[in-house]
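Notes follow the structure.
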């Protein structure tokens, strides 16, 4: 990411692709992690978001795994994507476990139908812009205080709707107030009764890590709203309205997740990091304003909420 900024004066951003969605920053970073030839080939075939209509050329370019984007401890990371079962005519691009930070943005952190680029930009509090990239100078909370990337499970390849947390299952919160009370509508009520390894209601937004090209936060993003290694929750159990939500950092490391900080450091963050339960959230037009209401973890995800933090 720093090499990208050195060359372009900007960090990579999400951009609109086909199907009304977004192209991942991972794609624009390809020249900076020794995938320059693949990036050029991707441009030559017309820059599809998820992979485009299947052709031998597109399969060869997009489906080959990229080792640095994968976690060796994720049991699903080397499996084929499950996107075939939802978009059978499209190329399955390679998976990833490396998620880009969207900060503490929940409401419309994905492109819902009818949402304009300028509207989406106004919600972004992490380091990733939508349609407009940010420069390092816009990380006003300090480089060492701002999350850049984190790890997360990928969704199991053989099931469209897995229920196991370790298989990347997403709880369908089915509530338009998820951005006001994420702890209530996700963390408190999202686990299956009597089994915290399973989600209560499965969402069809189960694209976690399934395609590195997909810029939707449900696929390649992370939010600092709920503590690490807890639930991810979609606004709805199905349909386009379920596209925005809480996308949580997860790992198989005991009690921790690994995070990359904007200054280039790697930090091991405990599940017990301060993350306020049932916070009072100040919103303007559904946007969180001011310091993050989600404690140190929420502040860590924001580039410009006016707070500096001390990580544990």
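Read-outs throughout are calculated quantities, based only on the coordinates presented, and are distinct from any laboratory measurement. In this text, all values refer to a predicted model and were calculated from it rather than measured experimentally. Using ideal geometry, Cβ is built from the backbone for each residue, glycine included, and neighbour counts are taken over all protein chains shown.
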Going from the fewest other Cβ atoms within 10 Å to the most, one would list 143, 99 as 143, 99
Connecting every pair of Cα atoms under 10 Å apart in the chain and solving the GNM, the largest mean-square fluctuation among 203, 63, 81 falls on 63
For the chain, modelled as a GNM with alpha-carbon contacts under 10 angstrom, which of 211, 43, 177 fluctuates the most? 43
Taking the Cβ of each residue in 197, 54 as the centre, tally the other Cβ atoms inside 10 Å and list the residues starting with the fewest. 197, 54
With the 8 Å Cα cutoff and a minimum separation of six or more residues, region 170-302 has a relative contact order in percent of 23 percent
How many percent of DSSP beta bridges within the chain run antiparallel, rounded to 5? 80 percent
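Can you tell me the mean projection area, over all orientations, of the convex hull of region 96-301's alpha carbons? Units nm², please.
Mean shadow area of the hull around the Cα atoms is 10.5 nm².
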Counted neighbours (other Cβ, 10 Å), sorted fewest up, put 127, 170 in the order 127, 170
Residue-span extension gain [residue 277 to residue 79] - 0.36 nm each, minus C-alpha spacing: 67.7 nm
Computed, not fitted: 222 nm per-residue ellipticity of the chain from DSSP H runs ≥ 4 (each -39500 (n - 2.57)), nearest 500, equal to -3000 deg cm²/dmol
For the chain, calculate the relative contact order in percent as a whole number, restricting contacts to Cα pairs under 8 Å that are 6 or more residues apart. 21 percent
Looking only at 252, 62, 11, which one moves most when the chain is put into a Gaussian network model with springs between Cα atoms under 10 Å? 252
